[in-house]
Amino acid sequence: MDVILVGLPGSGKSAVGRRLAHRHGATFVDLDDSIEKAAGRSIPDIFAEGGETAFRALERTAVEHLGPADPDVEVRRVVATGGGAVIDPRNRWHLYRGRLAVWLDARPEVLAQRLRRSPNVRPLIATRDPMGAIRSLARDRERFYSAAHRLNGVAELGALVERVDELVARRDTLGATTLLRGTSLGGELLIGDGIAAAAVGDALRALHARRAILVSEPGAWEAVGADLATALADDGWSVERILLPQGEGSKRLTVIEEAARALAGLRAERGEPIVAVGGGALGDAAGFLAASWLRGVPLIQVPTTMVAQIDSSIGGKTGVDLPEGKNLVGAFHPPASVVIDIAYLGSLPERQRRAALGEAVKMAALGDERLFSLLETDGEAIARGDEAAFATGAIAEVVERAAWAKVDVVDADEKEQAADAADGRIRLNLGHSLGHAVEAAGGFGDLLHGEAVAYGLRGAVRLGVELGVTPPELADRVETLLTTLGLATEPLPFPIGAVMGALATDKKHAAGSLRWVLPTGDGPVVRSDVPAETVERVAATLLAGSEVTA
Ligand SMILES: NC(=O)c1ccc[n+]([C@@H]2O[C@H](COP(=O)([O-])OP(=O)(O)OC[C@H]3O[C@@H](n4cnc5c(N)ncnc54)[C@H](O)[C@@H]3O)[C@@H](O)[C@H]2O)c1
């Protein structure tokens, strides 16, 4: 077994690591030393010549060179990582899985004092305000460090080594790996591999629940819900189950009434959490149930589709449809916890994963360069669900980047009040105006949501180019990526009148003005002044009779 030590510079990873390795007769690996040896230069020199980007690339190679985790119970290696190694989702995937990861946490004041005495130069902290730099690194990295076992409040080296050794003796859950543990206005967000049962149990305990009330639907239940229920029962929970209809059929007021009556039958009380286990439709419906039952009870979201993991479970929007339109009745009801288990995506049909990437392309087009290039290199393998896409951590990385990008946007504008500001939550509507219109024109039956968003994205960049706000190279890049992913490649067989009619209905619901989110080279802009003729001309390019070019 390997022990991985993570934490800010000055937290004692090397000193603790050496002692721990010595105690177990294990090999000590200092990742920064390995990088310097491989590069033939010191870290300050690597930073001076190639900047942080060059250093992070070397760091990633050094992490990969650690090779696979050793399942043996004996401690074979103790690895001290550089403070920033765990920022990279791929590094965490390699470092945390099958290994014991321990976070040596310490107060910024203690770290600053130690660093003043240290002969090593830390480029990211060697500033005029080292305390400010440490605080900012601590804030930015907390979600990555806190996925590891946290040790805090211990300053003395010997005592710290003892505490790590206690964790070594208790290691029992190396099969499940937490990759990220973040807090946001919308509750706690956990991402991991094989974590669902343990994380739901923890979330229920944090809410003082006396039982686990799972709300799911037949598809998600068969794929993952039943196993989750068994694991919770094995852990001592009394488990109740309420099944809603599968798919969009769950988002109906009559279904909410039936589910509420089931809760009444279970005598569910105020304060008792509901656990939503399913995709976006189930999450929207169960979320609305949690928002309205007894005027609101806590909600734990366990998203089981990719759309739900990267989008719908985050942000607190819940709701149901009416015959007059989708999502017309609903409430903001942020979950207490969102538990994202990457392992759940294995059973998802390819079409579902592929469609979800439409939403991921949207997040990339909003300005996430790393997500963009990741989708360009690995997107097709992710869509197919290739074994390698799971094994290399590519799927986990896409989920994490897209999900956290949404957390960032929602935290900045929780209730969509910055209605016309391009840095507000409205930016998430990129590709959704025309996307929603083609979805509606198809009667919400022909296209999956993400597939419709892909058409909407093509429409948005074409509109942006016509209006001179989207650089043609960016539009090309978005369209080429969509083509690579096999999204929105065929013209749709809907009449233009149906699409324009759906846009007119949306306009009515949006207080008379459609706000178009359009990408620029530097983040999106919001425009309410797009002429109807321009919209119609662009919409027609997505429909049969016109070429869909890429
Ligand atoms: N609230 C929001 O912010 C928000 C954002 C985006 C989308 N949405 C909503 O999300 C819905 C679309 O989400 P969706 O695509 O996840 O739909 P969904 O919930 O209908 O799930 C799609 C299908 O996958 C099946 N399934 C679920 N988990 C599975 C698993 N692990 N393995 C195999 N099959 C599984 C389901 O049974 C279902 O048939 C729409 O209703 C849309 O409006 C909401």
Output the antiparallel fraction of DSSP beta bridges having both residues in the range 187-348, as a percent to the nearest 5.
20
Between 0 and 90°, nearest 10: helix 280-292 axis offset from the chain longest Cα axis:
90
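Plugging the Kirkwood radius over Cα pairs into Stokes-Einstein for the range 354-468, at a temperature of 37 °C and a viscosity of 0.692 mPa s, what D comes out in µm²/s?
Working: Rh = 14.9 Å.
Translational diffusion coefficient: 220 µm²/s.
When only Cα pairs under 8 Å and 6 or more residues apart are kept, what is the percent relative contact order across the range 357-544? Present the calculation step by step, with values, prior to reporting the outcome.
On the way: 267 pairs, mean separation 45.8, N = 188.
Relative contact order, the range 357-544: 24 percent.
Could you work out the mean projected area of the convex hull around the alpha carbons of the range 1-80, in square nanometres to one decimal? It would help to have the intermediate numbers written out before the result.
On the way: hull surface 21.7 nm².
Average projection, Cα convex hull of the range 1-80: 5.4 nm².
Taking neighbour counts of Cβ atoms within 10 Å as a proxy for exposure, in what order, fewest first, do H24, H65 appear? Kindly include the intermediate steps, with their values, before the conclusion.
Numbers: H24 18, H65 12.
Listing H24, H65 from fewest to most nearby Cβ atoms yields H65, H24.
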Provide the per-residue ³J(HN,Hα) series for the range 352-366, in order, calculated from phi with Karplus coefficients 6.51, -1.76, 1.60 and θ = phi - 60°, each as a whole number of Hz, with x at glycine and proline positions.
5, 5, 4, 4, 4, 5, x, 5, 5, 4, 4, 4, 5, 5, 6
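To the nearest 20 Debye, how big is the dipole of the chain about its Cα centre, given +1 on the beta carbon of each Lys and Arg and -1 on that of each Asp and Glu? Please report the intermediate quantities before stating the final value.
Values: 60 positive and 75 negative charges, 315 e Å.
For this selection, approximately 1520 debye.
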Sequence-distant residues sharing a close amide H with R252 (under 5 Å, placed H):
D321
Report the charge-dipole magnitude of the range 53-120 in Debye, nearest 20, computed about the Cα centre from +1 at each Lys and Arg Cβ and -1 at each Asp and Glu Cβ.
240
Give the long-range amide H neighbours of L180: residues separated by 5 or more places, or on another chain, with amide H under 5 Å away, using H modelled in the peptide plane at 1.01 Å from N.
I191
Taking the 0 to 90 degree range and rounding to the nearest ten, how far is the long axis of helix 196-206 tilted relative to the main principal axis of the chain, both from C-alpha atoms?
90
The long-range amide H neighbours of W103, using H built 1.01 Å from N in the peptide plane and a cut-off of under 5 Å, are V6, H149, R150, L151
Relative contact order %, the chain, counting alpha carbon pairs below 8 Å whose residues are six or more apart
10
Using a 7 Å offset from the Cα along the Cα-to-Cβ direction at both D165 and D411, what is the distance between the two label points in nm, to one decimal?
3.8
Which one of S312, H24, A148 is farthest out on the positive end of the charge dipole of the chain, using unit charges on Cβ (Lys, Arg +1; Asp, Glu -1) and the Cα centre as origin?
H24
Efficiency of FRET from Cβ geometry, D522 and A48, R₀ 25 Å, rounded to 0.05
0.30
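When averaged across all projection directions, what area in nm² does the alpha-carbon convex hull of the chain cover? Present the calculation step by step, with values, prior to reporting the outcome.
Numbers: hull surface 103.2 nm².
Average of the hull's projected areas for the chain equals 25.8 nm².
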Determine the dipole magnitude for the range 2-175: charges of +1 sit on the beta-carbon of Lys and Arg, -1 on that of Asp and Glu, nothing else is charged, the reference point is the Cα centre, and the result goes in debye to the nearest 20.
320
Packing-based exposure ordering (other Cβ within 10 Å, fewest first) of D386, D45, D88:
D45, D386, D88
Which one, Y455, S238, A286, projects farthest toward the positive side of the charge dipole computed for the chain from Cβ point charges (K/R +1, D/E -1)?
S238
How tilted is helix 253-265 with respect to the longest principal axis of the chain? Cα atoms for both, answer in degrees (0 to 90, nearest 10).
50
Antiparallel versus total DSSP beta bridges in the chain: what percent is that, nearest 5?
30
Run the reach check for K326 against lysines, Cα to Cα strictly under 28 Å, same-chain hits fewer than 8 apart removed. What comes back?
K251, K317, K362, K406, K415, K507, K508
Can you tell me which lysines have their Cα less than 24 Å from the Cα of K37? Leave out same-chain residues fewer than eight positions away.
K13
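Roughly what % antiparallel, to the nearest 5, for the DSSP beta bridges in the range 273-348?
Numbers: 5 of 12 bridges.
Taking every DSSP beta bridge within the range 273-348, about 40 percent pair in antiparallel fashion.
Values quoted throughout were computed directly from the atomic coordinates according to the rules given, and no laboratory measurement underlies them. The structure displayed is predicted, hence computed values, not measured ones. So basically every Cβ, Gly included, is an ideal-geometry build from the backbone, and we count neighbours across all protein chains shown.
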